[in-house]
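Trainee: Dropping a structure here in C-alpha cells format, bear with me for questions.
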Protein chains: 4
Amino acid sequence: MIVVMEAGASEEQIQGVIDRLVMLNFSVHRSTGVIHTVLGGVGPEGDLSPDDLQVMPGVKECHRVTSPYKLAARAFKPEGTVVEFPNGVRIGGPEVVVAAGPCSVESEPQIQSIAASVAKAGAKLIRAGAFKPRSSPYSFQGLGEQGLIMLREAANAHGLLVVSEVMDHTQIGLLEQYVDLLQVGARNMQNYNLLRELGRSSKPVLLKRGIAATIEELLLSAEYILSGGNYRVILCERGIRTFETYTRNTMDLAAIPVVKKLSHLPIMADPSHGTGRRDKVLPMARAAVAAGADGLLVEVHPDPDRALSDGAQSLYPDQFETLMAQLRIIAPAVDRTL
Amino acid sequence: MIVVMEAGASEEQIQGVIDRLVMLNFSVHRSTGVIHTVLGGVGPEGDLSPDDLQVMPGVKECHRVTSPYKLAARAFKPEGTVVEFPNGVRIGGPEVVVAAGPCSVESEPQIQSIAASVAKAGAKLIRAGAFKPRSSPYSFQGLGEQGLIMLREAANAHGLLVVSEVMDHTQIGLLEQYVDLLQVGARNMQNYNLLRELGRSSKPVLLKRGIAATIEELLLSAEYILSGGNYRVILCERGIRTFETYTRNTMDLAAIPVVKKLSHLPIMADPSHGTGRRDKVLPMARAAVAAGADGLLVEVHPDPDRALSDGAQSLYPDQFETLMAQLRIIAPAVDRTL
Amino acid sequence: MIVVMEAGASEEQIQGVIDRLVMLNFSVHRSTGVIHTVLGGVGPEGDLSPDDLQVMPGVKECHRVTSPYKLAARAFKPEGTVVEFPNGVRIGGPEVVVAAGPCSVESEPQIQSIAASVAKAGAKLIRAGAFKPRSSPYSFQGLGEQGLIMLREAANAHGLLVVSEVMDHTQIGLLEQYVDLLQVGARNMQNYNLLRELGRSSKPVLLKRGIAATIEELLLSAEYILSGGNYRVILCERGIRTFETYTRNTMDLAAIPVVKKLSHLPIMADPSHGTGRRDKVLPMARAAVAAGADGLLVEVHPDPDRALSDGAQSLYPDQFETLMAQLRIIAPAVDRTL
Amino acid sequence: MIVVMEAGASEEQIQGVIDRLVMLNFSVHRSTGVIHTVLGGVGPEGDLSPDDLQVMPGVKECHRVTSPYKLAARAFKPEGTVVEFPNGVRIGGPEVVVAAGPCSVESEPQIQSIAASVAKAGAKLIRAGAFKPRSSPYSFQGLGEQGLIMLREAANAHGLLVVSEVMDHTQIGLLEQYVDLLQVGARNMQNYNLLRELGRSSKPVLLKRGIAATIEELLLSAEYILSGGNYRVILCERGIRTFETYTRNTMDLAAIPVVKKLSHLPIMADPSHGTGRRDKVLPMARAAVAAGADGLLVEVHPDPDRALSDGAQSLYPDQFETLMAQLRIIAPAVDRTL
C-alpha cells in the first residue's frame, strides 16, 4: 500500500496513518520528499481498501501495490494453465477450441441435429443450457435434468464434450453427472457461495465476465474458485454494458491480451452474447481469435427462427461452417491451429 | 409488438413476419403506409424478444409495446404500495424512513452502541450484514448466525426493525428468524433462484439495483418476487457503474422519479454504497430525499476507522445526527415528514 | 510521480526508469522495500503520462501525485471563487442563483413572455441559445445575432442577466456584445482553441461538463481558461452518458461535492439537459440544490409543446414557480438562501 | 414516427397527438388496436424528437422510423463508397489500407526516419499531428505549420499520402495545402461549425468517433459533411469510454460490421488510441482487420521512449513490420488484400 500525503500534511496526520497501518500489521517505510511524504506499507492487504486510508485527514492518495488476487496471477504460474479433458482436448494450448450449440436444450431431435452439425464442422464441445437464467419470470426457464440427459446423449453420439450452466450451488451435484465443463453465467460472476462450492468440484469451470465487471473483478472471482482447490478455471469475455445500444453488449476484446498478461488462466470469447445479433457474430468471432482468444463459445441452432430463446443471435449451421473455415485462415497469424 | 418494415420490403418478407407472429399466437394488424409497412402484433410477448424479429429479412425496426413486467407496473396498483411492519412503521407512506447501521455486525458492543445512537437520532431500522458478499475470498465474510443474534438483540433493545442481507436461497429460512426486512444485494439482483424463493417468504424484501442494471431490469427482478406471491417489495437505488471513478459508483437519482412513474413499489436510496466516501454521503442523502425517495439506507459506525469493512463510507454517529436534522428541513419540500 | 517496480525487477530495469525520469528533469528518490522498489519523482509532470512509464520493462504501476491542474485546484484559492456581475448578483456566494429560459430564442414575443415570468418567479439570469449545436444538420440552428438582440432586450426589460452559448472562437466577439456569461456547451468542453480564446475574454464563462468527461477533465478544461487570465469560470454538471437510457443522461450529482473539494470554482447544475424529460426536472433540480449546487440552469418555455427545440424538457412557467417555492424550503438545509 | 398510446388513452389525448403531428406537416395514419391505438406519422422528422411526443398526455411510447441521416445511409449508395486518392490508393475497396506514423511531428529526422520505415513495411499513408488537442494546457501543443512542412516532405520522399488533424474551421485552409486526408479528432466529432466547413473542402475527411458517441451520432456528424457536398468521408472507430480502466478506451469493434450495414462509408480502426498501450495494439489491430475494417491508423515512433506525446501507445518500427506480416495472413479470411 502506497500512501501519498497532502503537500501540507501535519506530522500528526502522518503519524495517524502510520499508526493505522501498524495496527493492521503492516510494516511501514516512510519517505519524506520535498513536497509530499510517501508511506509504503507491506502487510495483509486483504481487508484494507485504499478507500479506508484515503478518507483519513492529510491523505492525498492511496494505491494498492500488490494485486488483490494471488492464485489467478500470472506470476503464480508463468507458463500458463492448460485445461485438459479426458478425451485429450486441451484449452489454453496451441489449438483454438470451439464450443457450439443452441442457447437451450429444447428437444431430442433439436439437440441431436445440432450436435451432428457442429461436430462435423470442427467444434470440440457442445454448449446448451438446461437451467436458464431469464430476466423475465414469464420466459422459458429450461428443461432441467431432462435437458441434461438429452444433451449428454447427443454429445456422446458425436464425440463432443459438454458445457452447460450452473445457476446455483445446490445444482452443482446434478450438473457434475452430465457435463464436462461447468459454466458460470455473467449474472452469477459474483455469486460467491456458488464460486466457493465450485472450488470443491472435480470439474473444470468456465467463468463468464459480468456485464459490469472489471477485469480485476473477474480475476478475483476466479480466485474464489482457485482458492478452494479447483485450479481448472477458464475465463470468458462476453461483452460489457456500455451506452452503445445498437449491439446488446460491447465486446471488450482487449480484455483478451490484458488477461493473458495479468493471469495464467485461459480465456475464451462468446461473440453470440457479446453482440446479440447473428450478423455480428462472424466478424466478432474472427476478431476474438485474431486478438488471441484460446477458444470460442458460439450459439448455433438448426432452426434459429423457431428457437425458444436467443434465436436472434444463433447462427444457422451453414454459417457456422463458414466461420470455421475463416478461423482456420486466421489462426496461423497468432501461431495457433484450429 | 410493433414491427416497422424496410422501405423496400417485399410482400414475401412482410408475409414472413406475419406468419412468424401468427405462429406465436399473436393477432396481427397490418398498416400499409406510403413508405413503410407497419405491423402491430398483440399476443404473448413473454418469450418473444424484439431482437428475434429484428434479424428477419426486410425488418427495419421492432419495438415492444407492453411492459415486460405486469405486477410491478404502476397500472397494477395505481395508488402505490406501502409496506407496513408490525410495529407500525410504514415505507412508501408520507414518512421518509431511515435505516442506519454498520456495514457488518462485528461484535456485541459495536452493534449495541450503534443501535443506541441511530435510534436516538431517529432511524427506524438498523442495517448490518451477517453474511457479506466480498469481492476477495480473503476478506472478512461476516459473523453468520452469531451476528444475526447480536443484531436482533440490539434492535430489540432500542425499538428498531432489522434489515440484513440474504446471499443465497438456502439462507432464507435462517434470516427469517432474525430480520424484519430481507435485503437482496446488488450482485444478486439477477439471482433468479433466490428471487423466486423470496416470492414465497412472509417477510418483505429490499431489492437493490445491480450496478449495471437498467430500471426495467430492476422491475423485472421485482416481478420475480411479486409473481411468487410476496407483494411487499421495496426497491433501492445504490449507484451504477460509469466511467467516472472519483466516486465508487454514480448514483442515478433520476431513477427515483422514474420508478415512481413506472411502478407502484416504494424506492429507497443508499448513498453510502452509492458514493463510497463518507464526505459525499450527506450531500447525496439530502439529494435523494429531495428527489422523492421513500427512505434511506445509511452506514454509520461507532468507530469507522476501525471498521472491518466499508469504513471509508461509514458516517460517525454525530454526522448522522447532523444529517437527520438537515433531512427534517428538506422533507416538507416534497410533502413528507421525517 | 510514484513508480512501483515489479517484485522481481532487475537492477537494470530500475536504473532504466531512473534514467528516463532524470532525462525529463525529475529528481528521483529511491525507496527499496522488502518486495517492491518504489521510485518517487519530483519534476515537470505536464508532458509525462503515467502510461509512458507503465509500459517500461519491470514497471508494475505508476501514479501521478500532483494534480495535472493548478489554477483550478482548491489549494490555489482555498476560500472559493465568487463570480460577481455588475448588477451585484454573485454566483458561488451564499445565494443559490437560478438561470431560466427557453432552449432557443424563437421570437420576440416568446422571449419577452418568458423573461417576464422567470424574473417574477425569482430567476436572476435568462438563458437561451442563439447559436444551437444540433446533432442533425437538418434541425433548427438558431436565430444568430438577431436572437441575441431580442434576448438582450428581453433581459434588460426585466432586470435579468444573460447567459448564452458560444460554439466557436470566432463567435466570441459577437457574443460579448450581448451576454453577461458565455456558455461553453458539453460538446465543446474539449474544444481547446475555444477555451484558450475565452481565457482572454473579459466575460465570465460557464463551462459545461462533457457527457463523457471525468471531473478531472472538466477541471483541466477550466485550467485552459484560467491559464489565459480569465479567472471567472463557473462549472456546470449536466449529466453523463451511461447505459441507462430511460433518461437522456444520468446526472452525476456527486460531482457537486467532489468539485467543491477539489476546486475553488462555483458549480451549477442543469437538470433539464441532465434528464431530458420535463417531469424529471423538478426532482433533480431539488436534488442538485440539496447536494450543494451554487445555482441551476432550467429550461422554461411559455408553450413547450410548440418549442422549436428541446420542448420535452422545458417546464411550463407555473411549474417553474412551483420549483422555486420548493427550492426556498430546501436552501436553508445547506445554509443557503434563494 | 410511430406513436403508441397508453392502454386507457382518451379520445381527446389521441386527437391532441394527431393535431400536433398535423401542425408539424405530418400526414397521420391511425390504427386502432384492441389494446393500444397506434399513430403512424409521415413527415419532416428533422426537428421533431420522439421525446417531444413522449411527454404528451396519454402517450406510452414514440419511435422514430426513418433514420435521422439520409446521405450517410447505406440506402443512399448501396454499393459502398470508395475514397480514391490521386496516387491511386483507394480506401473502401478490396485492399486494407494502413496509415502509420508518430503521434506528433517532432523534428525532421524523426519524421523522415519513420516515413522510411512505415513505407517499407507497407503503409500507404503517414499519420502525424502538427496541431495537438491536449487535455492539459501545459502539454506540448504541436509544431504547427512548421510540422506540416516537414510531414509533407517526408511523405513525398517515400511515396506516402498524408493524414493530419484539423482542430478548428479556421485551420482548414492551411491544412489543405499540406495534407491529403483531413482528420477530425474524437473531441471534435460534434464541432458542427468545423464539420460544416469541411463539407466545402475538396479534401477527403477522416472522421473519428467521439469517446461517448453512439454509432448513430457518428453517422449524423458524417451527414454534416456530406450535406455540404463533400462525399469523401471515412469513419474511424477508436474506442469508447466505459467503466473498464485497464485500457484507456474500450474498442467497440462490432461498430465495424454495424457501420457496414447502416452506411456506405468506409470505416477504419485506430488501435493505438483505442487501447493506449503498445502491447495491446497488435492484438486489436489484427482483430479490427478480422472484423472487416477498411484500414488502420497505427502509431509508430522511431524511439517511443522519447516521444513528446503518446509514447506509451506507439509501436517500435520492428513491431509494426511484424504486425503487417500478421495482417497479410488475416486479410484473405475476409476476402481482402493488404
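The values are calculated or read from the model by the stated rules, or taken from the named source; none is laboratory data. Keep in mind that this is a model prediction, so the values were computed, not measured. Counting neighbours? That spans all protein chains shown, and the Cβs are built from the backbone with ideal geometry, glycine included. Areas reflect the complete protein model, heavy atoms only, side chains present, ligands, DNA and RNA absent. Shrake-Rupley method; radii C 1.70, N 1.55, O 1.52, S 1.80 Å.
Trainee: Which of the following residues is more than 11 Å from every other protein chain (Cβ to nearest Cβ), at pLDDT below 90 and touching a Lys or Arg at 6+ places or on another chain (Cβ under 9 Å): B:Phe85, B:Phe26?
Mentor: None of the others qualify; the one that does is B:Phe26.
Yes/no matrix, rows are residues, columns are (1) among the hydroxyl-bearing types (Ser, Thr, Tyr); (2) at positive phi; (3) within 14 Å of chain D (Cβ to nearest Cβ):
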{"position": "C:Ser31", "(1), (2), (3)": "yes, no, no"}
{"position": "C:Pro50", "(1), (2), (3)": "no, no, yes"}
{"position": "C:Gln54", "(1), (2), (3)": "no, no, yes"}
{"position": "C:Pro57", "(1), (2), (3)": "no, no, yes"}
{"position": "C:His63", "(1), (2), (3)": "no, no, yes"}
{"position": "C:Thr66", "(1), (2), (3)": "yes, no, yes"}
{"position": "C:Ile91", "(1), (2), (3)": "no, no, no"}
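Trainee: Mind telling me which of the residues B:Asp279, B:Asp335 ends up being within 12 Å of chain A (Cβ to nearest Cβ) and either at pLDDT below 95 or open to solvent by 30 Å² or more (accessible area, probe 1.4 Å) (or both)?
Mentor: B:Asp279
Trainee: OK, next. For the stretch B:294-301, check the following and say yes or no: at least one residue is within 14 Å of chain A (Cβ to nearest Cβ) and among the acidic types (Asp, Glu).
Mentor: yes
Trainee: Determine which member of the set A:Val89, A:Val38, A:Val65 is closer than 26 Å to A:Thr214 by Cα and open to solvent by less than 30 Å² (accessible area, probe 1.4 Å).
Mentor: Matching residue, one of A:Val89, A:Val38, A:Val65: A:Val65.
Trainee: With A:Asn193, A:Asn249 as the choices, which residue is in the same structural domain as A:Gly311 (by TED's automatic domain parsing) and within 23 Å of A:Ser67 (Cα to Cα)?
Mentor: When all the criteria are applied, what remains is A:Asn193.
Trainee: If the requirement is being in a strand (DSSP E or B), closer than 22 Å to B:Ser309 by Cα and either among the acidic types (Asp, Glu) or within 26 Å of the chain's Cα centre (by Cα) (or both), which of these qualifies: A:Glu61, A:Glu45?
Mentor: None of the others qualify; the one that does is A:Glu61.
Trainee: Mind telling me which of the residues B:Val28, B:Val55, B:Val3 ends up being open to solvent by less than 30 Å² (accessible area, probe 1.4 Å) and either closer than 29 Å to D:Ser27 by Cβ or outside the structural domain of B:Ala123 (by TED's automatic domain parsing) (or both)?
Mentor: Result of the check over B:Val28, B:Val55, B:Val3: B:Val3.
Trainee: Under 6 Å by Cβ, and 6 or more places apart or on different chains, what pairs join a residue from the stretch C:252-278 that is on the phi < 0 side of the Ramachandran plot and assigned by TED's automatic domain parsing to the domain that holds C:Arg187 with one that is open to solvent by 10 Å² or more (accessible area, probe 1.4 Å) and among the small types (Gly, Ala, Ser)?
Mentor: C:Ile256/C:Gly292; C:Pro257/C:Gly292; C:His264/C:Gly80; C:Pro266/C:Gly92
Quick grid of which residues meet (1) under 16 Å from D:Pro133 (Cβ atoms); (2) out of contact with any strand residue (DSSP E or B) (no Cβ under 8 Å at 6 or more places or on another chain):
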| site | (1), (2) |
| --- | --- |
| C:Leu198 | yes, no |
| C:Lys208 | no, no |
| C:Leu218 | yes, no |
| C:Tyr224 | yes, yes |
| C:Ser227 | yes, yes |
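Trainee: I'm trying to understand the selection: among the residues of the stretch D:102-116, which are in a helix (DSSP H, G or I) and open to solvent by 10 Å² or more (accessible area, probe 1.4 Å)?
Mentor: D:Glu108, D:Pro109, D:Gln110, D:Gln112, D:Ser113, D:Ala116
Trainee: Also, quick follow-up: Would you mind stating whether D:Arg196 is more than 7 Å from chain C (Cβ to nearest Cβ), touching a Phe, Trp or Tyr at 6+ places or on another chain (Cβ under 8 Å) and surrounded by fewer than 20 Cβ atoms within 10 Å (Cβ to Cβ)?
Mentor: yes
Trainee: Please state which one of B:Ala119, B:Ala99 is open to solvent by less than 10 Å² (accessible area, probe 1.4 Å), out of contact with any helix residue (DSSP H, G or I) (no Cβ under 8 Å at 6 or more places or on another chain), farther than 30 Å from B:Val4 by Cβ and assigned by TED's automatic domain parsing to the domain that holds B:Val289.
Mentor: B:Ala99
Trainee: Among the residues of the stretch C:286-332, how many are among the hydroxyl-bearing types (Ser, Thr, Tyr), open to solvent by 40 Å² or more (accessible area, probe 1.4 Å) and over 21 Å from B:Ala331 (Cβ atoms)?
Mentor: Of the residues in the stretch C:286-332, 1 are among the hydroxyl-bearing types (Ser, Thr, Tyr), open to solvent by 40 Å² or more (accessible area, probe 1.4 Å) and over 21 Å from B:Ala331 (Cβ atoms).
Trainee: If I filter the stretch A:174-191 for residues that are in a helix (DSSP H, G or I), within 14 Å of chain B (Cβ to nearest Cβ), basic (Lys, Arg) and open to solvent by 10 Å² or more (accessible area, probe 1.4 Å), do I get at least one hit?
Mentor: Looking through the stretch A:174-191, at least one residue is in a helix (DSSP H, G or I), within 14 Å of chain B (Cβ to nearest Cβ), basic (Lys, Arg) and open to solvent by 10 Å² or more (accessible area, probe 1.4 Å).
Trainee: So, of the residues in the stretch C:238-248 that are open to solvent by less than 10 Å² (accessible area, probe 1.4 Å) and in contact with a helix residue (DSSP H, G or I) (Cβ under 6 Å, 6 or more places away or on another chain), which turns out to be farthest from the other protein chains (Cβ to nearest Cβ)?
Mentor: In this case the residue turns out to be C:Gly239.
Trainee: I need the full set of residues from the stretch B:249-264 which are of a type in the set (Lys, Arg) and within 8 Å of chain C (Cβ to nearest Cβ), in order please.
Mentor: Correct list: B:Lys261 only.
Trainee: Hey, could you check the stretch A:225-237 for residues that are crowded, with 24+ Cβ neighbours inside 10 Å and touching a Lys or Arg at 6+ places or on another chain (Cβ under 6 Å) and say which is nearest to B:Glu244 (Cα to Cα)?
Mentor: Once the filter is applied, the top-ranked residue is A:Glu237.
Trainee: Answer yes if at least one residue in the stretch C:64-74 is assigned to a strand (DSSP E or B) and polar (S, T, N, Q), and no otherwise.
Mentor: no
Trainee: Also, I was wondering about something else. Those residues that are within 8 Å of another protein chain (Cβ to nearest Cβ) and more than 23 Å from the chain's Cα centre (by Cα), I need them from the stretch C:313-329; list them, please.
Mentor: Those that are within 8 Å of another protein chain (Cβ to nearest Cβ) and more than 23 Å from the chain's Cα centre (by Cα): C:Gln326, C:Ile329.
Trainee: Would you check if B:Ser221 is within 12 Å of chain A (Cβ to nearest Cβ) and at pLDDT 95 or above?
Mentor: Criteria met by B:Ser221.
Trainee: Filter the stretch B:199-220 down to residues that are touching a Gly at 6+ places or on another chain (Cβ under 8 Å) and more than 19 Å from B:Val298 (Cα to Cα) and give me whichever is surrounded by the most Cβ atoms within 10 Å (Cβ to Cβ).
Mentor: Step by step, filter the stretch B:199-220, then rank; the result is B:Leu218.
Trainee: Does the stretch B:157-168 contain any residue that is within 8 Å of another protein chain (Cβ to nearest Cβ) and surrounded by 20 or more Cβ atoms within 10 Å (Cβ to Cβ)?
Mentor: Among the residues of the stretch B:157-168, at least one is within 8 Å of another protein chain (Cβ to nearest Cβ) and surrounded by 20 or more Cβ atoms within 10 Å (Cβ to Cβ), which makes the answer yes.
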